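A short worksheet on the structure shown next.
The values are calculated or read from the model by the stated rules, or taken from the named source; none is laboratory data. Just so you know, these numbers come straight off a predicted model, no measurement behind them. With ideal geometry, Cβ positions are generated from the backbone for all residues, glycine too; neighbour counts draw on all protein chains shown.
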Amino acid sequence: MTHAAMRIIRDEHSALSAMLRSIVLLLADHRRQGTLPDFAALRAMLFYVDEFPEKRHHRKESELLFPKLRARTPMSRELLDRLDDDHARGERRIRDVEHALLAFEMLGEPRRQAFEQAVERYVEFYLSHMALEEREILPLAERVLTQDDWAQLDDAFGANQDPLTGCQPESDYEALFTRIVNAVPAPIGLGVQH
């Protein structure tokens, strides 16, 4: 049986992965063309990463999913601690990327490489983090969590309204997601259709 929370977590991972890869592709395209990127679009994309995955998705994993796993099994406690630490460090890392973007926007070409390197490090960190969750933690959750656990997780993750997973955006975010979707290269696309 597939639980709603499991589907939502995977959908959110997929949307975030697409967003991160799109940022890398946009930067590579502009570097090849010798042009400056659309800084407003990059700010919108990084704001999304900070606003949705960092503040909503991770919080629910660290405050709900991981404690339930710790309560049900002694397995993977060190891994859960590492993932919690990743969540805590992720907020600092996105700030570093946003600062590098601001430096690139304000100071120009001399800061392009530093920004691109900050993005690449962040994307590598985040993709590795999500792969570890999907490879180790989600299968463990499927084995050890109870129906009551899943009901609570389904309700909590079901409240997430990440438009890049096909949900209707909250009204405050409609313009942001329109800007992001319009900035993303067509072959990549964003969002998971339900």
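Under 7 Å between Cβ atoms, which residue pairs at least 6 apart in sequence (or on different chains) link something in segment 25-42 that is among the small types (Gly, Ala, Ser) with a partner that is surrounded by 16 or more Cβ atoms within 10 Å (Cβ to Cβ)?
That search, which allows pairs on different chains as well, returns 41/179; 41/183.
Tell me whether segment 2-19 contains one or more residues that are outside any helix (DSSP H, G or I) and among the β-branched types (Val, Ile, Thr).
The initial filter retains those residues of segment 2-19 that are outside any helix (DSSP H, G or I), namely 2-3.
From what's left, among the β-branched types (Val, Ile, Thr): 2.
Checked against the condition, which is being outside any helix (DSSP H, G or I) and among the β-branched types (Val, Ile, Thr), segment 2-19 yields at least one hit.
Please indicate, with yes or no, whether at least one residue in segment 62-72 is out of contact with any helix residue (DSSP H, G or I) (no Cβ under 7 Å at 6 or more places or on another chain) and closer than 22 Å to residue 90 by Cα. Don't jump to the end; show me each part of the working.
First pass over segment 62-72, keeping only residues out of contact with any helix residue (DSSP H, G or I) (no Cβ under 7 Å at 6 or more places or on another chain): 63, 67, 71.
Retained after the next criterion (residues that are closer than 22 Å to residue 90 by Cα): 63, 67.
Among the residues of segment 62-72, at least one is out of contact with any helix residue (DSSP H, G or I) (no Cβ under 7 Å at 6 or more places or on another chain) and closer than 22 Å to residue 90 by Cα, which makes the answer yes.
Assuming residue 75 fulfils every condition listed in (1) hydrophobic (A, V, I, L, M, F, W, C); (2) in a helix (DSSP H, G or I); (3) at pLDDT below 95 apart from one, which condition is it?
Failing condition for residue 75: (2).
List pairs: first in segment 48-65 and among the hydroxyl-bearing types (Ser, Thr, Tyr) and buried (at least 16 other Cβ atoms within 10 Å of the Cβ), second modelled with pLDDT under 85 and in a helix (DSSP H, G or I), Cβ under 7 Å, 6+ apart or cross-chain?
Final answer for the pair search is 48/176; 48/180.
So that you can scan it fast, the table gives a plain yes or no per residue for (1) acidic (Asp, Glu); (2) surrounded by 19 or more Cβ atoms within 10 Å (Cβ to Cβ); (3) touching a helix residue (DSSP H, G or I) at 6+ places or on another chain (Cβ under 7 Å):
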| site | (1), (2), (3) |
| --- | --- |
| 86 | yes, yes, yes |
| 115 | no, yes, yes |
| 121 | no, no, no |
| 141 | no, yes, yes |
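Just one of (1) in a helix (DSSP H, G or I); (2) touching a residue at least 40 places away in the same chain (Cβ under 8 Å) trips up residue 90, so point out which.
(2)
Taking the condition polar (S, T, N, Q), under 17 Å from residue 138 (Cβ atoms) and surrounded by fewer than 13 Cβ atoms within 10 Å (Cβ to Cβ), does residue 35 pass?
Working: polar (S, T, N, Q): yes; under 17 Å from residue 138 (Cβ atoms): no; surrounded by fewer than 13 Cβ atoms within 10 Å (Cβ to Cβ): yes.
The answer is no for residue 35.
Out of the residues in segment 143-162 that are at pLDDT below 95 and of a type in the set (Asp, Glu), state the one that is surrounded by the fewest Cβ atoms within 10 Å (Cβ to Cβ).
This residue is 155.
Would you point out the residue of segment 31-63, among those that are of a type in the set (Phe, Trp, Tyr) and within 14 Å of the chain's Cα centre (by Cα), that is modelled with the highest pLDDT?
Among those that are of a type in the set (Phe, Trp, Tyr) and within 14 Å of the chain's Cα centre (by Cα), it is 47.
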